Amino acid sequence: MAYLERQFAVGISGLAGASLLTGAVTRFTGKRERARRCILHERPDGSLVEVDVHIPPQAQRAVLLDNGMGAPQEYWDWVCDALPADMGYVRFNRPGYGLSTPDTRYGLDPHFELLQELRDTYIAGLPVVLAGHSLGGYLVAAYASLHPDAVEGVTQVVMIDATEVVSLRHARRTDVDRWSHQRMVMEQVFAATGLSVFRPAMNRNEQFRPDVNRSFRAFLATPRTWATAHREYRDAQTYPQLTDLDCPLTVITAENNIGDNTLHAGIQARLAVISKRARHHFVAGSDHESLLSVRPHAEEVAELIAGDPPSEPLGPSWRPSTKGRRASGSTAEREAELA
């Protein structure tokens, strides 16, 4: 019996050691590849922001892309590939993600400063589309709505299955909220032990190019990614509701969701009314993650980003499928599931 116990202990120790080693190697190689591929933008305070910039010589306009909570800038890869030749892009990792230096300042104002800085540095003088997915969708709309003179030169804002902060606030201290906090803490543990390498939280089907899939996996295997996402989730519950946006707005919504699709469609519809020139578009067959990770869905998103902005008040839009996965979800639950 003692022999069997020792054999069991040795086996468990070996598996734990292999997991820890795999996680460490994945993070190291991912960081090295990321540093080779991306620009490190130095800010006035000496901190660094990981940026991927593509402004072709014939560029007549550009799009500034803001990520969802817990997602890397590579998430935009299929969207960027589908943009027309006359449209450049700037995508980046917020402080605390990837190679970007963590920031002790949280809230909207520091993020507004970063967006303005990136615009001034890389796309000054070009008409710009502000596009964001999930929490990034709220952040770009908040910047255009609340930051002084931010809408100057902005041709439209595109909110892609964006976070609706009122729903997050209403979910505080509920079972969904407690589960969301617990899940992000556990993801930090999974990342630290290397388990997330074998079972990543996102991009499970590895639908991007091989180099992007490797980088994505390393990003998710970094405990700091989940610590930052957890902080952003808590912070987002304090953000103000947006009521007015003085530029064209496109709201893109996933057809299939974790919770009730009809409820989700109604929440998304509330986002569209903040602008007098708006449209609400559903991507057939998509879910929150596939809007960017499945190539046909991402190409549809890119077409809306690059197309003519809406010029009239919000008109009728078709409703999504009612075949939701579970009829008791919420925006908070979806954010946590796909952080």
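The values are calculated or read from the model by the stated rules, or taken from the named source; none is laboratory data. Because the structure is a prediction, the values reported are computed rather than measured. With ideal geometry, Cβ positions are generated from the backbone for all residues, glycine too; neighbour counts draw on all protein chains shown.
Please pick out the residue among LEU64, LEU21 that is out of contact with any Lys or Arg (no Cβ under 6 Å at 6 or more places or on another chain), in a helix (DSSP H, G or I) and of a type in the set (A, V, I, L, M, F, W, C).
Working: LEU64 fails: in a helix (DSSP H, G or I).
Just one listed residue meets the conditions, LEU21.
Specify which of the listed residues (PRO84, PRO44, PRO57) is under 30 Å from GLU303 (Cβ atoms), at pLDDT below 95 and in a loop (DSSP other than H, G, I, E, B).
On the way: PRO84 fails: at pLDDT below 95; PRO44 fails: under 30 Å from GLU303 (Cβ atoms).
Only one candidate qualifies: PRO57.
Criterion first (over 22 Å from SER293 (Cα atoms) and in contact with a Pro (Cβ under 8 Å, 6 or more places away or on another chain)) does LEU220 satisfy it?
Details: over 22 Å from SER293 (Cα atoms): no; in contact with a Pro (Cβ under 8 Å, 6 or more places away or on another chain): yes.
When the stated conditions are applied, LEU220 does not pass them.
Residue by residue through segment 244-263, note down the ones that are more than 21 Å from ALA71 (Cα to Cα) and either in a helix (DSSP H, G or I) or within 18 Å of the chain's Cα centre (by Cα) (or both).
THR250, ASN261, THR262, LEU263
Can you tell me which residue among ALA192, ALA124, ALA131 is under 28 Å from ARG279 (Cα atoms), hydrophobic (A, V, I, L, M, F, W, C), at pLDDT 90 or above and surrounded by fewer than 21 Cβ atoms within 10 Å (Cβ to Cβ)? Quick ask: steps written out before the conclusion?
Details: ALA192 fails: under 28 Å from ARG279 (Cα atoms); ALA131 fails: surrounded by fewer than 21 Cβ atoms within 10 Å (Cβ to Cβ).
Of ALA192, ALA124, ALA131, the one residue that is under 28 Å from ARG279 (Cα atoms), hydrophobic (A, V, I, L, M, F, W, C), at pLDDT 90 or above and surrounded by fewer than 21 Cβ atoms within 10 Å (Cβ to Cβ) is ALA124.
Please name all residue pairs, on different chains or six or more residues apart, with Cβ atoms under 7 Å, provided the first residue is in segment 111-135 and is closer than 14 Å to ASP149 by Cα and assigned to a helix (DSSP H, G or I) and the second residue is aromatic (Phe, Trp, Tyr) and at pLDDT 95 or above.
That search, which allows pairs on different chains as well, returns PHE112/TYR143; LEU115/TYR143.
How many residues does segment 266-301 hold that are aliphatic (A, V, I, L, M) and either assigned to a loop (DSSP other than H, G, I, E, B) or touching a Pro at 6+ places or on another chain (Cβ under 7 Å) (or both)? I'd like the intermediate steps shown before the answer.
So the first thing to find is which residues in segment 266-301 are aliphatic (A, V, I, L, M), and the list is 267, 269, 271-274, 278, 283-284, 291-292, 294, 298, 301.
If we keep only those that are either assigned to a loop (DSSP other than H, G, I, E, B) or touching a Pro at 6+ places or on another chain (Cβ under 7 Å) (or both) too, we end up with 273-274, 278, 284, 294.
The number of residues fulfilling the criteria is 5.
Can you tell me which residue in segment 223-243 is surrounded by the most Cβ atoms within 10 Å (Cβ to Cβ), limited to those that are over 15 Å from HIS111 (Cα atoms), of a type in the set (S, T, N, Q) and over 16 Å from the mean Cα position of the chain (by Cα)? Even if it seems obvious, please write down each step before you answer.
The initial filter retains those residues of segment 223-243 that are over 15 Å from HIS111 (Cα atoms), namely 223-227, 230, 234, 237, 241-243.
Okay, now just the ones that are also of a type in the set (S, T, N, Q), so 225, 237, 241, 243.
Then drop every residue that is not over 16 Å from the mean Cα position of the chain (by Cα), which leaves 237, 241, 243.
Working: GLN237: 16, GLN241: 12, THR243: 8.
So the residue we want is GLN237.
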